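Everything on this sheet refers to the single structure shown next.
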Amino acid sequence: MFSKILIANRGEIALRILRACRELGIKTVAVHSTADEDAMHVRLADEAVCIGPPASRDSYLNVAAILSAATITGAEAIHPGYGFLSENADFAETVEAHGLTFIGPTAEHIRMMGDKITAKTTMQMLGVPLVPGSDGELTSLEEAREVADKVGYPVLIKAAAGGGGRGMKVAQTADDLEDAWKMARAEARAAFGNDAVYLEKYMDRPRHIELQILGDNYGNVVHFGERDCSLQRRHQKLLEEAGSPALTAEQRDAIGQTATQALSKMGYRNAGTLEFLYQDGQFCFIEMNTRLQVEHPVTEMVCDVDLVREQIRLAAGEQLGYTQKDISFSGHAIECRINAEDPDNFTPCPGTVAVYHPPGGLGVRVDSALYTGYRVPPFYDSMIAKLIVHAPTREQAIARLQRALDEFVVEGIKTVIPLHRRILEDPEFQKGEYTIHWLEQFTAKPH
């Protein structure tokens, strides 16, 4: 086992990793920008190193500074968390080249799954079902028209190197295709420096279902069930559930078996998440995230597993030590992302937290690095906390979440807590009757 780990991230996820390390008896090194000098992960780590000014490119994306920090503090491994460098294959390679351990998948698998076209081709070869569409990158608008005519409108033009909803445009009819093609390529070029795009059938009422997996260095792969991440605004998740109100245990087992067999054949190691669109009983693979997910706590709650601890164990070369039959699912968990945003127009609202009082009680968990007096900086993602609840049933989990939201106090800045209260009161949500388009329609309604 490692004796010291550098955490190449900030905020609640840095704190989450730090806590797992502490329980394993591992020393921690926090890195931070000048804007995060007073951050909670910096205060609680065994050592802290400033790696640059506020801008991410000069600090949390500064590979040379991060590696220097690891070297001078004697860290043996680097945990990237999520975001920033977590899915950067070059970073993973560089970490390993410097004699350190990257706590995550191999650079080869990060690179493979980072290109959406390669990921789809690989999964298709391994027997994982796909969304109907082009076989690979589209080489021309004429080819796009041919594929669209074959699969039927509406269609979705997507960036091959995409993520976060960027480089995605819908063409409802043939008349819309040229504009969607041009806009998707331009957006992809600006966001990723790569204008390669492909085409998929646009599903009109799917759910976004993802499957959490872990693999060791010895070919063993297991899954920890599904998360329903359909509540999204502009392709950004806001609320997640485990398990999905749309799936049965039999459906979970079927897609889980398909996915774990595929990743075992790949030789995949450490944590990963396969994402699917699910409609009319059919799963269609869309992408794979080769890292820990923001919403991993709901899986931890229903499976009683510490996924970060498992990541560290596996990176240290340990075997899983259990099989799929040993994994059980208990109750229901829901996570609300608490963002420092105006709940009506989603404008970011950085500033000083005048009062911070998180909720508590049975089955309530808050992952956050906030404290009273903390200044939320304007330079990074607006998520400031995650509220997670667990209960025996979905109905009880909703009631518990409503109670917890009423207890949650964050004053001095605006947050989306009022929006979450509105969502939980909605009859369609309470029945579990929503798709990936539901939240956009919900937030457009007057209230």
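The values are calculated or read from the model by the stated rules, or taken from the named source; none is laboratory data. None of the values given here were measured: they were computed from a predicted structure. Counting neighbours? That spans all protein chains shown, and the Cβs are built from the backbone with ideal geometry, glycine included. Side chains are part of the model used for accessible areas, which takes the heavy atoms of the whole protein and leaves out ligands, DNA and RNA. Shrake-Rupley method; radii C 1.70, N 1.55, O 1.52, S 1.80 Å.
Cβ-Cβ distance below 8 Å, separation of 6 or more or different chains: which pairs start in segment 233-244 with a residue that is without any contact (Cβ under 8 Å) to a residue 12 or more places away in the chain and end on one that is of a type in the set (Phe, Trp, Tyr) and open to solvent by less than 10 Å² (accessible area, probe 1.4 Å)?
none
Determine whether segment 139-150 contains at least one residue that is touching a strand residue (DSSP E or B) at 6+ places or on another chain (Cβ under 6 Å), under 25 Å from residue 83 (Cβ atoms) and not polar (S, T, N, Q).
Scanning segment 139-150, I find no residue that is touching a strand residue (DSSP E or B) at 6+ places or on another chain (Cβ under 6 Å), under 25 Å from residue 83 (Cβ atoms) and not polar (S, T, N, Q), so the answer is no.
Between a first residue in segment 115-130 that is among the small types (Gly, Ala, Ser) and a second residue that is outside any loop (DSSP other than H, G, I, E, B) and surrounded by fewer than 16 Cβ atoms within 10 Å (Cβ to Cβ), which pairs have beta carbons less than 6 Å apart while being 6 or more apart in sequence or on different chains?
none
Looking only at segment 295-313, which residues are touching a residue at least 40 places away in the same chain (Cβ under 8 Å) and under 14 Å from residue 333 (Cβ atoms)?
Scanning segment 295-313 gives 295, 296, 297, 298, 299, 301, 302, 303, 305, 307.
Got at least one residue in segment 420-435 being aromatic (Phe, Trp, Tyr) and outside any helix (DSSP H, G or I)?
yes
Return yes when residue 189 is in a loop (DSSP other than H, G, I, E, B), out of contact with any helix residue (DSSP H, G or I) (no Cβ under 6 Å at 6 or more places or on another chain) and of a type in the set (Lys, Arg) and no when it is not.
Taking the combined requirement at face value, the residue does not satisfy it.
I'd like the residue in segment 135-158 that is acidic (Asp, Glu) and either in a helix (DSSP H, G or I) or out of contact with any Phe, Trp or Tyr (no Cβ under 8 Å at 6 or more places or on another chain) (or both) and, out of all such residues, is surrounded by the fewest Cβ atoms within 10 Å (Cβ to Cβ). First the steps, then the outcome.
Start the filter on segment 135-158 by keeping residues that are acidic (Asp, Glu), which leaves 135, 137, 142-143, 146, 149.
Now restrict to residues that are either in a helix (DSSP H, G or I) or out of contact with any Phe, Trp or Tyr (no Cβ under 8 Å at 6 or more places or on another chain) (or both): 135, 142-143, 146, 149.
Details: 135: 13, 142: 8, 143: 13, 146: 13, 149: 12.
So, considering only residues that are acidic (Asp, Glu) and either in a helix (DSSP H, G or I) or out of contact with any Phe, Trp or Tyr (no Cβ under 8 Å at 6 or more places or on another chain) (or both), the one surrounded by the fewest Cβ atoms within 10 Å (Cβ to Cβ) is 142.
Just checking, how many residues over segment 110-134 are in a loop (DSSP other than H, G, I, E, B), closer than 15 Å to residue 196 by Cα and over 17 Å from the mean Cα position of the chain (by Cα)?
Residues that pass the stated criteria total 1.
Residue 49 versus (1) free of Cβ contacts under 8 Å to residues at least 40 places away in the same chain; (2) touching a Pro at 6+ places or on another chain (Cβ under 9 Å): which is the lone unmet condition?
Only one criterion is unmet by residue 49, namely (2).
Hey, residue 359 hits all of (1) touching a Phe, Trp or Tyr at 6+ places or on another chain (Cβ under 6 Å); (2) without any contact (Cβ under 8 Å) to a residue 12 or more places away in the chain but one; which does it fall short on?
If we test residue 359 against (1) touching a Phe, Trp or Tyr at 6+ places or on another chain (Cβ under 6 Å); (2) without any contact (Cβ under 8 Å) to a residue 12 or more places away in the chain, just (2) comes out false.
Any residue in segment 228-236 that is of a type in the set (Asp, Glu) and open to solvent by 10 Å² or more (accessible area, probe 1.4 Å)? Steps first, please.
Residues of segment 228-236 of a type in the set (Asp, Glu): 228.
Next, only the ones that are open to solvent by 10 Å² or more (accessible area, probe 1.4 Å) stay: none.
No: segment 228-236 contains no residue that is of a type in the set (Asp, Glu) and open to solvent by 10 Å² or more (accessible area, probe 1.4 Å).
Kindly establish whether residue 252 is under 30 Å from residue 347 (Cβ atoms) and not polar (S, T, N, Q). It would help to see each step written out before you state the result.
Working: under 30 Å from residue 347 (Cβ atoms): no; not polar (S, T, N, Q): yes.
No: the conditions fail for residue 252.
For the structure I just gave you, tell me whether residue 117 is open to solvent by 10 Å² or more (accessible area, probe 1.4 Å), touching a Phe, Trp or Tyr at 6+ places or on another chain (Cβ under 7 Å) and β-branched (Val, Ile, Thr).
Values: open to solvent by 10 Å² or more (accessible area, probe 1.4 Å): yes; touching a Phe, Trp or Tyr at 6+ places or on another chain (Cβ under 7 Å): yes; β-branched (Val, Ile, Thr): yes.
Against the criterion (open to solvent by 10 Å² or more (accessible area, probe 1.4 Å), touching a Phe, Trp or Tyr at 6+ places or on another chain (Cβ under 7 Å) and β-branched (Val, Ile, Thr)), residue 117 qualifies.
As an exercise: evaluate residue 184 against (1) out of contact with any strand residue (DSSP E or B) (no Cβ under 6 Å at 6 or more places or on another chain); (2) assigned to a helix (DSSP H, G or I) and give the number of the one condition it does not meet.
In the conditions (1) out of contact with any strand residue (DSSP E or B) (no Cβ under 6 Å at 6 or more places or on another chain); (2) assigned to a helix (DSSP H, G or I), residue 184 misses (1) alone.
For segment 187-217, what are the residues that are of a type in the set (D, E, K, R) and in contact with a Phe, Trp or Tyr (Cβ under 6 Å, 6 or more places away or on another chain)?
Answer for segment 187-217, where residues must be of a type in the set (D, E, K, R) and in contact with a Phe, Trp or Tyr (Cβ under 6 Å, 6 or more places away or on another chain): just 207.
Take segment 192-209 and flag every residue that is in a loop (DSSP other than H, G, I, E, B) and under 27 Å from residue 247 (Cα atoms).
Scanning segment 192-209 gives 202, 203, 204, 205, 206.
Just one of (1) part of a helix (DSSP H, G or I); (2) touching a Phe, Trp or Tyr at 6+ places or on another chain (Cβ under 9 Å); (3) open to solvent by less than 60 Å² (accessible area, probe 1.4 Å) trips up residue 415, so point out which.
(1)
Taking the options 321, 317, name whichever one is small (Gly, Ala, Ser), without any contact (Cβ under 8 Å) to a residue 12 or more places away in the chain and either in contact with a Phe, Trp or Tyr (Cβ under 8 Å, 6 or more places away or on another chain) or surrounded by fewer than 17 Cβ atoms within 10 Å (Cβ to Cβ) (or both).
Details: 317 fails: without any contact (Cβ under 8 Å) to a residue 12 or more places away in the chain.
Just one listed residue meets the conditions, 321.
Condition first: of a type outside the set (A, V, I, L, M, F, W, C), on the phi > 0 side of the Ramachandran plot and open to solvent by less than 20 Å² (accessible area, probe 1.4 Å). Can you find one or more residues in segment 344-361 that meet it? Write out each step before concluding.
Filtering segment 344-361 for residues of a type outside the set (A, V, I, L, M, F, W, C) gives 344-345, 347-348, 350-352, 356-361.
Imposing the further condition that a residue be on the phi > 0 side of the Ramachandran plot reduces the set to 351, 361.
Narrowing the set further to residues that are open to solvent by less than 20 Å² (accessible area, probe 1.4 Å) leaves 351.
Yes, segment 344-361 has at least one match.
List every residue pair whose Cβ atoms sit under 8 Å apart, with the two residues 6 or more apart in sequence or on different chains, where the first one lies in segment 203-220 and is at positive phi and the second, anywhere, is open to solvent by 20 Å² or more (accessible area, probe 1.4 Å) and of a type in the set (Gly, Ala, Ser).
Hits for this filter: 219/264; 219/267.
Show me the strands (runs of 3 or more DSSP E) entirely contained within segment 252-369 in which 1 or more residues are within 21 Å of residue 214 (Cα to Cα).
Once the strands (runs of 3 or more DSSP E) in segment 252-369 are filtered for at least 1 residues that are within 21 Å of residue 214 (Cα to Cα), what remains is 270-279, 282-289, 332-339.
Please find, among 395, 407, the residue that is open to solvent by 60 Å² or more (accessible area, probe 1.4 Å) and either in contact (Cβ under 8 Å) with a residue 60 or more places away in the chain or closer than 15 Å to residue 358 by Cα (or both).
Unique residue meeting the criteria: 407.
Quick check, is residue 222 part of a helix (DSSP H, G or I), among the β-branched types (Val, Ile, Thr) and modelled with pLDDT of 95 or more?
No; evaluated as a whole, the condition is false for this residue.
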